[in-house]
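Reading through the structure tokens given below for one structure.
Laboratory data are not the source of any read-out in this text; all were calculated from the coordinates shown. This is a predicted model, so every value here is computed, not measured. All Cβ positions, even for glycine, are placed from backbone atoms using ideal geometry, and neighbour counts span all protein chains on display.
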Amino acid sequence: MDKISLTINDKPITGKVGMTVLEVAKEAGIYIPTLCYHPDLQSSKEVQTSESIYRRTERIGDDRSMSKPEGCQLCVVEIKGTGDLPTACTTKATEGMVVYTDTPQIHQKQRDNLRLILIRHPSLCLDCDRRQRCQPSDICLRSATVAERCVICPKNMHCELQEVTDYIGIDERPLPYTGTKYPIVDTETPLFDRDYNYCISCTRCVRVCRDVRGADALGYVFEDGKVVLGTRGPSLKESGCVFCGLCAEVCPVGAITDRNFRHEEHRVKLAPCQAACPVHMDVPRYVRLIKEGRYAESLAVIRETAPFPEVLGYVCVHFCETPCCRGELEKAIAIRDLKRLAAEQDTGLWKQRAKFTAPTGKRIAVIGSGPAGLTAAYYLTKQGHELTVFEALPVTGGMMRVGIPTYRLPAIVLEKEIKEIESVGVKIKTNSRVESLDELFEQGYQAIFISVGAHQGITMGIEGETTPGVIDGVDFLREVSLGKEVSVGNRVMVMGGGNVATDASQTALRLGAKEVTIVYRRTRAEMPAGEEEVEEALEEGIKLEYLMTPTKITNKHGKLRVEFIRMILGKVDESGRRRPVPVTGSEFTKEYDLVIKATGQEPVVPDKFGLKLEKGKRIKVAPETMATARKGVYAGGDVVSGPASVIEAIAAGRKAASSIDKYLGGNGEIEETLIEVEKTNPYLGRQEDFADKPRLPMPCLPVEERTNNFTRVKFGYSKTEGTSEAERCLQCDLRCGLSPVPLPLKKRLESKPKVLVPSRQRASV
């Protein structure tokens, strides 16, 4: 028999054999205050001391004065038939047991035990009625020292000790904070702050590190009969820490916190890579599957939010890597490169659970076959609608096809993923320019999604910029992609600092140019191009010249004479960057065979569309729905945002697909789970060199073999390399998997004593 029956507070309760009274009460919704208990951890009384610990460089040995910590002693209960008040976290529930959690004797014992905790913890704010309004910088009207104030703690207002204290109550006796004056460890790592002056010796951090994570980087000893916590070695790295953050997650106070802790941002920080991704791809999940060698399953996770996994594996701007916590230690996880590895191992497993809705009879037109348009078409087709994509160019893919050179994104990769989209029923018509939305509605289309991109170069206002020999960067890349013959000559100058500029310069080099120079009016620090792209251009011999801008271009005898002026950086402008200011008298001239303008792009929206445009000739939409002011017409991608990334366009396509489906009577639910979500085993074990494991470089084509062809530059990770790189992940998301700690209701029960302010202090409050 695995069930037992007992009574708690005169209420019949059923529990399982082996459960403690606290666990039974928790399942029954009966709150018992505690600070050391955590549902995922063994009892504090079951964890062994260490031989020694470190606080910074100070080594503290165990004085062996005690063998087990006593815990917080707040979860005391009364068992009928016994005269003592045992702790509920260590008392096994038995058949027929009668338990009380709410008696005057229990209340008093809880207050007595709480007092012992508060003596060792800054707590003068806890009995102050101004606590809810006081800010860290406010002058304390009670003249409490900074060290005694709760409001300076990063966990203030989100602290378990505060909630438990409010529940139990404080009697009128003053709370003399003795102060431990331990050093604050805030320089060892950029991830966490450790202030042991806040520590209440609950040992949760030690237990989660040992039992849940298996790193065993933290420990405790007894010193003068008191529990003292620290690291197993002089530093976290030397202690075998895997920097997972579980210790900060379970700490009930502010003793271990995330650096610059903000409660409102806390959940985001638990998986910052996923939060930063425009489609919120489950990065930790697919990286973990790669670590386990389960590439097909990993690809299924990626395809849950994006129909272009391999394309993204080549060209995604990887917003996810910027906030990666691993990057705080040395370099971020190569998330994009791991995505490519998973996509290259496609077995079709993801198709087995793909979601399809019955045909609705509704027809939708998509204008433009870029990432936004094809994404919307893909999901809307799966929702049962009939989709036709109209593409003005003779090829599909938008800027993915004609704006990204094949050495970065092989055409075969893009074609393969477009075929997958067509396989669900999406119809694509190339060489089909749309000039009127009315005509589409007249043909029976009930909704339209516009995703024409931003294919037109921006006019710079430079004298002579239309001179023969001057070409827009997007036009240059498009002509090369379409197989047209483009003559570049020997000397090429590229104006601009974005990815189009680097792509155009490297393309010109591959077409035979002997010297290619990128000219930018600011410095390298302000260049919008990705750091990888800039470095790759420099490797290939591209020159970068900063703080100069062309003022006039003339063509004499087939040679382009470009007049320049030097610049200095002035005040910050609306772009958030310092404005370049011309330097009087610094003019000079250079000659080139070809000048490529790569200073930005804008959309071309036909007047007959009848849509309201914003700055930059972008279509104005409602950000929440991607709906234009015209009924049934939606827009997304670069035509709305201006030049952006593939992943941002995919995000726009997904949002539009959901909105259009709702507009046509659907539920808008395009989400799908292509592989079962499994419970993750958080146990990692001890890894002495984990923190120093370097990021693996991507195998690349040697520089000397690149410049006369369009062969792909980056080869991709092998399975062995991918596994090794995935193993570097800190698995921040495991914090999300920890069980919630039982906390009291916000409204205190009437039977509980009020928090009282000592009479000698009331006058100043």
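For the reader, a short list of remarks on this structure follows.
- Descending semi-axes in whole angstrom, ellipsoid equivalent of the range 458-600, from the Cα gyration tensor: 23, 19, 13
- Nearby aspartates and glutamates by direct alpha-carbon distance to Lys109 (threshold 13 angstrom, same-chain neighbours under 8 apart not counted): Glu78, Asp84, Asp171
- Residue-count net charge about Leu341 - beta-carbon cut-off 9 Å; Lys, Arg +1, Asp, Glu -1: -1
- Interchain or long-range residues, amide H under 5 Å from Cys700's placed H: Phe715
- Using the average count of surrounding beta-carbon atoms within 10 Å as a protection proxy, the listed peptides 331-342, 266-277, 43-54, 93-104 rank, highest first, as 331-342, 266-277, 43-54, 93-104.
- Note, ³J(HN,Hα) from phi for the range 406-423, Karplus 6.51, -1.76, 1.60, rounded to Hz, x at Gly and Pro: 5, 5, 8, 9, x, 4, 4, 5, 5, 4, 4, 6, 5, 4, 4, 5, 5, 5
- The value obtained for the chain, namely the Cα convex hull volume divided by the number of residues, is 216 Å³ per residue.
- Fraction of the pair-distance distribution of the range 530-587 above 12 Å, Cα-Cα pairs, percent: 76 percent
- Value of relative contact order over the chain, rounded to a whole percent, pairs C-alpha under 8 Å and six or more apart: 15 percent
- Over 31 Å between alpha carbons, listed pairs Lys427/Lys620; Lys419/Lys615; Lys543/Lys693: Lys419/Lys615; Lys543/Lys693
- The 3J(HN,Hα) values that the Karplus relation (6.51, -1.76, 1.60; θ = phi - 60°) gives for the range 435-440 are, in residue order, 10, 9, 6, 4, 4, 5 Hz. Gly and Pro appear as x.
- Amide H contacts under 5 Å for Ile4: Gly15, Lys16, Val17, restricted to partners 5 or more places along the chain or on a different chain, H placed in the peptide plane at 1.01 Å from N.
- Cα gyration tensor of the range 3-261 - equivalent ellipsoid semi-axes, whole Å, descending: 31, 24, 16
- Under a 5 Å amide H cut-off, with hydrogens placed 1.01 Å from N, Ile518 pairs with Val494, Lys543, Leu544, Glu545 among residues at least 5 apart or on other chains.
- Centre separation in Å (Cα based) which lies between the range 222-244 and the range 634-675: 48 Å
- Protection proxy ranking, peptides 346-355, 197-206, 286-295, average beta carbon neighbours within 10 Å, highest first: 197-206, 286-295, 346-355
- Taking all pairs of distinct alpha-carbon atoms in the range 621-694, Kirkwood radius in angstrom: 15.7 Å
- With helices as the sole contributors, the chain gives -6500 deg cm²/dmol at 222 nm; each DSSP H run of n ≥ 4 counts as -39500 (n - 2.57), and the sum is divided by every residue.
- Listed by chain and number, the aspartates and glutamates placed with their C-alpha closer than 12 angstrom to that of Lys291 are Glu721, Glu725, Glu727; residues fewer than eight positions away on the same chain are left out.
- Hz values of 3J(HN,Hα) by residue in the range 532-538 - Karplus curve (6.51, -1.76, 1.60), Gly and Pro given as x: 4, 5, 5, 4, 5, 4, 5
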